[in-house]
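Colleague: Here's a structure for you.
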8 protein chains.
Amino acid sequence: MVDELDLKIIRMLEEDGSISFTEMARKLKLNESTVRKRVLSLKEKKVIRKFSIVIDPAKIGFSTIAVVGIDAAPDKLLEIAQKLAELPETRYVATSAGDHMIMTEIWASDGRELSQILSKKIGMIEGVKKVCPAIVLEKIKE
Amino acid sequence: MVDELDLKIIRMLEEDGSISFTEMARKLKLNESTVRKRVLSLKEKKVIRKFSIVIDPAKIGFSTIAVVGIDAAPDKLLEIAQKLAELPETRYVATSAGDHMIMTEIWASDGRELSQILSKKIGMIEGVKKVCPAIVLEKIKE
Amino acid sequence: MVDELDLKIIRMLEEDGSISFTEMARKLKLNESTVRKRVLSLKEKKVIRKFSIVIDPAKIGFSTIAVVGIDAAPDKLLEIAQKLAELPETRYVATSAGDHMIMTEIWASDGRELSQILSKKIGMIEGVKKVCPAIVLEKIKE
Amino acid sequence: MVDELDLKIIRMLEEDGSISFTEMARKLKLNESTVRKRVLSLKEKKVIRKFSIVIDPAKIGFSTIAVVGIDAAPDKLLEIAQKLAELPETRYVATSAGDHMIMTEIWASDGRELSQILSKKIGMIEGVKKVCPAIVLEKIKE
Amino acid sequence: MVDELDLKIIRMLEEDGSISFTEMARKLKLNESTVRKRVLSLKEKKVIRKFSIVIDPAKIGFSTIAVVGIDAAPDKLLEIAQKLAELPETRYVATSAGDHMIMTEIWASDGRELSQILSKKIGMIEGVKKVCPAIVLEKIKE
Amino acid sequence: MVDELDLKIIRMLEEDGSISFTEMARKLKLNESTVRKRVLSLKEKKVIRKFSIVIDPAKIGFSTIAVVGIDAAPDKLLEIAQKLAELPETRYVATSAGDHMIMTEIWASDGRELSQILSKKIGMIEGVKKVCPAIVLEKIKE
Amino acid sequence: MVDELDLKIIRMLEEDGSISFTEMARKLKLNESTVRKRVLSLKEKKVIRKFSIVIDPAKIGFSTIAVVGIDAAPDKLLEIAQKLAELPETRYVATSAGDHMIMTEIWASDGRELSQILSKKIGMIEGVKKVCPAIVLEKIKE
Amino acid sequence: MVDELDLKIIRMLEEDGSISFTEMARKLKLNESTVRKRVLSLKEKKVIRKFSIVIDPAKIGFSTIAVVGIDAAPDKLLEIAQKLAELPETRYVATSAGDHMIMTEIWASDGRELSQILSKKIGMIEGVKKVCPAIVLEKIKE
């Protein structure tokens, strides 16, 4: 799978995905081409699925963040998860073995908009039986 | 807050955080210095909190991913959330208004290791009363 | 939004909505016209939505007060909330992110009448799947 | 208890607590002194507990409204309800026979402040074992 | 309603419904005709709804006693309660404001027979959505 | 155990515990001494545990009837059930395998008195962790 | 039913179902024909339902073991249990009086396959309303 | 791991653990020594953990079978699971990520004995906070 050096590189990139190969090489006391090869290999093997950014939803107008558990008709479970993934309003979709079979994260400007999304977007997907939103009060680590 | 152009830039960077200013400028039909200024401004205003990578936990040896709800003694809620954030085993920590007051995500190599983390790391934090793990079966969107 | 003086006036009026401008002015050591202007402004800006009274339901024949959580078909959530608001039997209707997506307060003369309202009025609204009444034992603060 | 005329007066005052006796008398086609006597009697018999105002919390800076269920050590139930009623942060406190023995309504400026109130104010009351907040998304009727 | 003497008579009859008027009169230091009149009056006013016996279900072949909560389609709540009351297998039926809107007690010879009753008798009533049996382990007081 | 005739006698006595042997003999087309022997035998074998009466709680001043689930410290389960049985306020006590390990029925004059009993009587028993009252709205069969 | 010697034999066979009659006889200080007769009798009376083996699912490729509670349409309860028993994917099926009316154990190669089984096999059975999987982290005793 | 032939042998032994090598060889159309080697290898690799028997609990006097969920103090989770495994009354113990962190199966002669085991054996283990028994009504597949 991956070795100790790969894990160090991964941790560095999680902390700062814009770090240069030069900087990584310096910190790891390796030459730049070694680091470059490792990163490329991690991307090819899909260990690194993508480079991305972490944003603060409140600062782009989303003051209501909800983790929503969804009860689905069991025979439509996978189709519903797929349709949720296609909605622009969902940030994250997973099937899980817990209180609810599907979990998704929604960003809304306020409670009123969240109600609208739950009822008019998610509730309209065939087979969705119940939506159980939990409002995120504060993200401590991400 | 942010305007339509900022949102376009954010969406591009979420999709590919390693995209160059040149490439973004080309796609947006703007000159590179405009894009560069916007991105810098988004970072300064902490709209973009950090550049990062999305990795596939299974490929670095974590086959058991759990979203764990935590019941905490109410008077220790914030301290517990803080201590959880400091554990290397947690990927994410938030307080929430739902089934549980704290939610955290744990990556473990298997069920046995997850039991160990829940009991010997999280369970040892003073004020943690109950841990309720939900195993993620499949991530559909992230 | 509002300043410290507005908040003082609001608190006074919550305590006694029939207090005169003269009395308020005396307590706040301001002249009456200042107080009058402030109150009018709070009403115009809809900070004060209405003047009302708080009554004791037991004294007008309602001995059974219930806070009722309602599970609704997700695609009919907003219509159901609207129809509940139109029933004379409901005192309060809100959508919420908790155990139930809709919460409403019902006043009934006794348990038998409450059963009737839940089954024959609320249960008849299309899309209502489950009604979960919690009986209020004693109001301590209101 | 009360008769049909009393109920009409109560409904009028719930709709507009600042209505004058003259106006009520006109609408009810009665003389003003009859109305005045009735209202005084309703206040004396504590049918009308107080005159008050209904305000819009968002307009005075409270964007996060939560109905909080509280699990209490059973032997401290009544003391806890009493202490909650004394906190300025609670708008409403009642004991109930439902999911939780105590229900209270909290107004906070945002999720972060709500976490603080739940942990540092309510959680500090001796005997409070668990706090279960449900965020109000939208009030439809009040 | 009833006075202190009525309550004493009620308690005596609850303890032993076959006690004679003579015996009751002796214990209460009253003459027999007073007691007789009181008991007749309690029956006429339906304070005493009936004389009955308390039996031990295990001794007549019922080893599995279940208190069954029933989730009903809200608009059929009262009809379902009525139909349950007509089934010979139910010992007790009530509507309630708790986890379930209807509660009933079933006596069965064993777990297999209970499954049959739940599925083939109760489950067949239109509008019954979920049956939640709790097995009684031991009756301590009755 | 018991035969078909015993069951007929039991059903008759459940319906009317004050029926005379003569009347039962007439209905069953048996002679009175056979019936008398059977009833005595059923009492001796404790099939019939006692003769009793069924009363209407509302008519002796109890307007609030609650079935209360009790969460108990597991090591004190049996002692708590025993202590509950000794309280005059409980009508019924059983251990069960369901949502709660102990179920009890309480009769109170109103919600306020029920709160008092739950907090000041039941809550004071050592090891009682949580009390979960469900209010009976209407008894349909008993 | 069975005597003390039968129970000893049963315990031995549960520990090691491949033990020889000779070895059992030696340990029990009995002659071999006595042991043989007892075992045959236990099989004939169906006390011993079958000889079997206990296997380690992880070692044959099943890394995700789930105990799945199933909510069923009450009128189809027994048919659903029967159909589940016929699926090769289920290891165990029982009706129960607890959180769910049916419990079953599923072995899957990973979370993705479990989702498929829940949705495409179990969810397709008519009358299955909800599936609630709990992942087994570690079997301590079996 | 294992191949198709191993799986066939495992299925045969699950169905009848007392089948002879000769019989297995005949059914699989292989020679006996091949089958013998495979079975020995499966035992050595601990794929087959043990040979055992499946018994009918009702026929050895256990009429009450319960699957018991256990809420444990998180920091004592693993010790409690270990202590439960040592109790002769438990048939099965596992940690799980579901409603409860520990699940165990108990066989008792009746409800009264089950109460005793839950309170006097399991409840006495330090850190056990709540026991939630579900009674098995009927085993359909095992």
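Colleague: Pick from C:72, C:85, C:97, C:66: which is aliphatic (A, V, I, L, M), under 30 Å from residue A:72 (Cα atoms), touching a residue at least 12 places away in the same chain (Cβ under 8 Å) and within 9 Å of chain D (Cβ to nearest Cβ)?
Modeller: That would be C:66, the only listed residue that is aliphatic (A, V, I, L, M), under 30 Å from residue A:72 (Cα atoms), touching a residue at least 12 places away in the same chain (Cβ under 8 Å) and within 9 Å of chain D (Cβ to nearest Cβ).
Colleague: Okay, moving on. Which one is surrounded by the fewest Cβ atoms within 10 Å (Cβ to Cβ), of the residues in segment F:88-105 that are in contact with a helix residue (DSSP H, G or I) (Cβ under 6 Å, 6 or more places away or on another chain) and within 22 Å of residue D:95 (Cβ to Cβ)?
Modeller: So the residue we want is F:89.
Colleague: Say we look at segment G:106-142 and pick out the residues that are touching a helix residue (DSSP H, G or I) at 6+ places or on another chain (Cβ under 6 Å) and among the charged types (D, E, K, R); which of these is nearest to residue B:108 (Cα to Cα)?
Modeller: Looking at residues that are touching a helix residue (DSSP H, G or I) at 6+ places or on another chain (Cβ under 6 Å) and among the charged types (D, E, K, R), I get G:138.
Colleague: Quick check on this structure: which one of D:58, D:66 is among the hydrophobic types (A, V, I, L, M, F, W, C) and either touching an Asp or Glu at 6+ places or on another chain (Cβ under 6 Å) or at pLDDT 95 or above (or both)?
Modeller: Selected residue: D:66, the only one of D:58, D:66 that is among the hydrophobic types (A, V, I, L, M, F, W, C) and either touching an Asp or Glu at 6+ places or on another chain (Cβ under 6 Å) or at pLDDT 95 or above (or both).
Colleague: Which residue out of D:118, D:40, D:30 is aliphatic (A, V, I, L, M) and under 21 Å from the mean Cα position of the chain (by Cα)?
Modeller: D:118
Colleague: Check off (1) surrounded by 16 or more Cβ atoms within 10 Å (Cβ to Cβ); (2) at the interface with another protein chain (Cβ under 10 Å from one of its Cβ atoms); (3) within 28 Å of residue G:96 (Cα to Cα); (4) in contact (Cβ under 8 Å) with a residue 24 or more places away in the chain for residue H:61 and give me the number that stays unchecked.
Modeller: (1)
Colleague: Here's something else I'd like to know. For segment E:103-138, name all the residues that are among the aliphatic types (A, V, I, L, M) and either away from chain F (no Cβ under 11 Å) or free of Cβ contacts under 8 Å to residues at least 12 places away in the same chain (or both).
Modeller: Result: E:106, E:108, E:114, E:117, E:118, E:122, E:124, E:125, E:128, E:131, E:137.
Colleague: If you don't mind, there's one more thing I want to ask. Return yes or no: is residue C:15 surrounded by fewer than 16 Cβ atoms within 10 Å (Cβ to Cβ), over 30 Å from residue E:82 (Cβ atoms) and more than 9 Å from chain D (Cβ to nearest Cβ)?
Modeller: Answer is no for this residue.
Colleague: I would also like to ask the following. Return a yes/no flag: does segment G:61-75 have any residue that is hydrophobic (A, V, I, L, M, F, W, C), within 27 Å of residue E:114 (Cβ to Cβ) and part of a loop (DSSP other than H, G, I, E, B).
Modeller: Yes, segment G:61-75 contains at least one residue that is hydrophobic (A, V, I, L, M, F, W, C), within 27 Å of residue E:114 (Cβ to Cβ) and part of a loop (DSSP other than H, G, I, E, B).
Colleague: Can you say whether residue A:2 is in contact with a Pro (Cβ under 9 Å, 6 or more places away or on another chain) and at the interface with another protein chain (Cβ under 7 Å from one of its Cβ atoms), as far as the supplied structure shows?
Modeller: Taking the combined requirement at face value, the residue does not satisfy it.
Colleague: Also, I was wondering about something else. Quick check: is even one residue across segment G:49-56 closer than 30 Å to residue G:16 by Cα, surrounded by fewer than 24 Cβ atoms within 10 Å (Cβ to Cβ), touching a helix residue (DSSP H, G or I) at 6+ places or on another chain (Cβ under 8 Å) and of a type in the set (Lys, Arg)?
Modeller: yes
Colleague: If the requirement is being at pLDDT 95 or above, within 9 Å of another protein chain (Cβ to nearest Cβ) and farther than 28 Å from residue F:107 by Cβ, which of these qualifies: F:8, F:45, F:29?
Modeller: On inspection, the qualifying residue turns out to be F:45.
Colleague: For segment F:26-47, name all the residues that are under 19 Å from residue E:53 (Cα atoms) and basic (Lys, Arg).
Modeller: Of everything in segment F:26-47, those that are under 19 Å from residue E:53 (Cα atoms) and basic (Lys, Arg) turn out to be F:27, F:36, F:37, F:38, F:43, F:45, F:46.
Colleague: Same structure again: Return only the number of the condition from (1) acidic (Asp, Glu); (2) over 14 Å from the mean Cα position of the chain (by Cα); (3) modelled with pLDDT of 95 or more that residue H:105 does not satisfy.
Modeller: With (1) acidic (Asp, Glu); (2) over 14 Å from the mean Cα position of the chain (by Cα); (3) modelled with pLDDT of 95 or more applied to residue H:105, the lone miss is (2).
Colleague: Additional query: Give A:20, A:115 a once-over and let me know the one that is among the polar types (S, T, N, Q), surrounded by fewer than 16 Cβ atoms within 10 Å (Cβ to Cβ) and at negative phi.
Modeller: Among A:20, A:115, only A:20 is among the polar types (S, T, N, Q), surrounded by fewer than 16 Cβ atoms within 10 Å (Cβ to Cβ) and at negative phi.
Colleague: OK, next. Look at segment B:17-41 and say how many of its residues are closer than 30 Å to residue A:6 by Cβ and either free of Cβ contacts under 8 Å to residues at least 24 places away in the same chain or part of a helix (DSSP H, G or I) (or both).
Modeller: 8
Colleague: Among (1) more than 7 Å from every other protein chain (Cβ to nearest Cβ); (2) surrounded by fewer than 22 Cβ atoms within 10 Å (Cβ to Cβ), where does residue B:35 come up short?
Modeller: Condition (2) is where residue B:35 drops out.
Colleague: Can you pull out the residues in segment B:118-129 that are surrounded by fewer than 21 Cβ atoms within 10 Å (Cβ to Cβ) and not in a loop (DSSP other than H, G, I, E, B)?
Modeller: Selection gives B:120, B:121, B:129.
Colleague: Hey, can you tell me all the residues within segment H:114-142 that are of a type outside the set (A, V, I, L, M, F, W, C) and in contact with a Ser or Thr (Cβ under 7 Å, 6 or more places away or on another chain)?
Modeller: Those that are of a type outside the set (A, V, I, L, M, F, W, C) and in contact with a Ser or Thr (Cβ under 7 Å, 6 or more places away or on another chain): H:115, H:138, H:141.
Colleague: For a quick check of your reading of the model, give me the residue pairs whose first member lies in segment B:1-16 and is free of Cβ contacts under 8 Å to residues at least 60 places away in the same chain, whose second is of a type in the set (S, T, N, Q), with beta-carbon atoms closer than 6 Å and at least 6 apart or on different chains.
Modeller: B:14/A:52
Colleague: Does residue F:53 satisfy the condition of being assigned to a strand (DSSP E or B), in contact (Cβ under 8 Å) with a residue 60 or more places away in the chain and within 21 Å of residue E:8 (Cα to Cα)?
Modeller: Judged against the criteria, residue F:53 is not a match.
The values are calculated or read from the model by the stated rules, or taken from the named source; none is laboratory data. Treat the numbers as computed from the prediction; the structure is a model and nothing was measured. Methodologically, a virtual Cβ is constructed for each residue, glycine included, from the backbone with ideal geometry; neighbour enumeration extends over all protein chains shown.
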